[in-house]
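Below is one structure; the comments refer to it alone.
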Amino acid sequence: REAPSDVCGTAQGPLPGLKPVLDEWLALMCSDWGKEDAPWWYNERASVSQFAGAVWRRGGWVFEEYSVNRKSPAGKHDGCRRGRCDLMFEFGDMRVVAEAKQLWLPWTLRGSAFARVDHALRRAWLEVNTAPDVSGHYRRFGLVFVAPWVRRSLGSSPDVFDTRLRAC
């Protein structure tokens, strides 16, 4: 696997066909937003929108926040319920239905960070599996967008933050 460079970067991972989209998404997220704004300060909807923009910019097709009749979770037999699915996209030969979760993790959080990401990913995965099957040709993804936050007492200067970030 290819290692990320510096603080920003993407690794090849198990889905090499998505690397161009992830690179584009990272470019959008790391664009010069100035000191007053950043897309990761918002919510899941903003994160999904940035990801959808990356798919479009790389020549894919995206449908966001669409209505679905959700199946009851495994073990329950109370029929279907109306709901929304976060994302459906096509890129290359990949076709995906996805549910996303947004997570803000404190910079000082150590051991439980991975557990919290895993929990959010499991929630997204359970939710995407209640969405209807789309002709059997779409893969199901759980997406988790993670944004760290830093208390002011840890230092709000960009130099201090950059030093702490590179030390981790």
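The values are calculated or read from the model by the stated rules, or taken from the named source; none is laboratory data. Every value quoted in this text rests on a predicted model; they were computed, and no experiment measured them. Cβ coordinates were reconstructed from backbone atoms using ideal geometry, including for glycine residues, and neighbour counts include every protein chain displayed. What goes into the accessible areas is simple: the full protein's heavy atoms, side chains included, and nothing from ligands, DNA or RNA. Shrake-Rupley method; radii C 1.70, N 1.55, O 1.52, S 1.80 Å.
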Stretch Trp56-Cys30 to full length: gain in nm at 0.36 nm per residue minus the Cα-Cα span?
7.6 nm
Local electrostatic count at Gln50 - Lys and Arg +1, Asp and Glu -1, tallied over other residues with Cβ under 12 Å:
-1
Just how much of Met29 is accessible, in Å², when a 1.4 Å probe is used and the result is rounded to the nearest 10?
20
